[in-house]
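Before any comments, here is the structure.
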Amino acid sequence: SGARRLEGVFAAASTALAALAAAAPVAALASIVNHAVDVTGAMKDMQESFGASVEGLSQIRAGAALGGKTIADMEGPLSKLVKSLDEAGDSSSDAARALAALGLNVADIRQMSPDQAFIAIANATQDYADGAGKAAVMTALFGKEGAKLIPTLNDVAEVGDKYLKITQ
């Protein structure tokens, strides 16, 4: 009768809720695994494309994450940096002048992998005054979005020492 039907509805609802409760951790784990696979894939692609190191990319990823960015978001800036480092071979280029303005030796930076050059630039920007000059230097190295990259560079520099201590 009505009571039995109500019992059946509650039993079905209870079973459904139990199944949902059991599935929630599985879904969360699947999400974590998928994210890890995406990050690993992006880092592998950058290693192959730029000759970047896992350690350097990991530091860049950690710094980018502080600002809500992913390692995949850093592929464009790294690609632009590769181009700028190539152009810096001409000492009269904007890129060479930008590196010199940061107090970096152009020849040394050009010998680094792109991830290590990115980190060296991030560290050097910490000693460079904020303002239009810094924005111009970043634009010369990273293209028209260079000025927007300054907070990420600050975060990469900030995590640098901490990251190195944790991973050593």
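The values are calculated or read from the model by the stated rules, or taken from the named source; none is laboratory data. Small disclaimer: the values here were computed from a predicted structure and weren't measured. Glycine gets a Cβ as well: all are built from the backbone with ideal geometry, and neighbour counts include every protein chain shown. Note: areas computed on protein heavy atoms with side chains; ligands, DNA, RNA excluded. Shrake-Rupley method; radii C 1.70, N 1.55, O 1.52, S 1.80 Å.
A few points about this structure:
- Coupling constants for the range 87-102 follow from the phi torsions by the Karplus curve (6.51 cos²θ - 1.76 cosθ + 1.60, θ = phi - 60°), and in residue order they are 5, 5, x, 8, 4, 8, 6, 4, 5, 5, 5, 5, 4, 5, 4, 7 Hz; glycine and proline get x.
- Residue-by-residue Karplus 3J(HN,Hα) for the range 139-152, coefficients 6.51, -1.76, 1.60, Hz, glycine and proline x: 5, 5, 8, 10, x, 4, 8, x, 5, 5, 7, 3, x, 5
- Between Glu87 and Ser53, the contour length at 0.36 nm per residue exceeds the alpha carbon distance by 10.0 nm.
- Chain lengthening between Asp127 and Ala72 when straightened (0.36 nm per residue, less Cα-Cα): 17.1 nm
- In this simple spin-label approximation, Arg97 and Ala135 carry label points 7 Å from Cα along the Cα→Cβ vector, and these lie 1.8 nm apart.
- Here is the result for the range 73-168: no GluC sites (Glu not before Pro) lie in DSSP coil with at most 12 other C-beta atoms within 10 angstrom of their C-beta.
- Solvent-accessible area, 1.4 Å probe, carbon plus sulfur percent, for the range 64-168: 51
- The simple Förster model, with R0 at 22 Å and r as the Cβ-Cβ distance, assigns Asp108 and Lys148 a FRET efficiency of 0.25.
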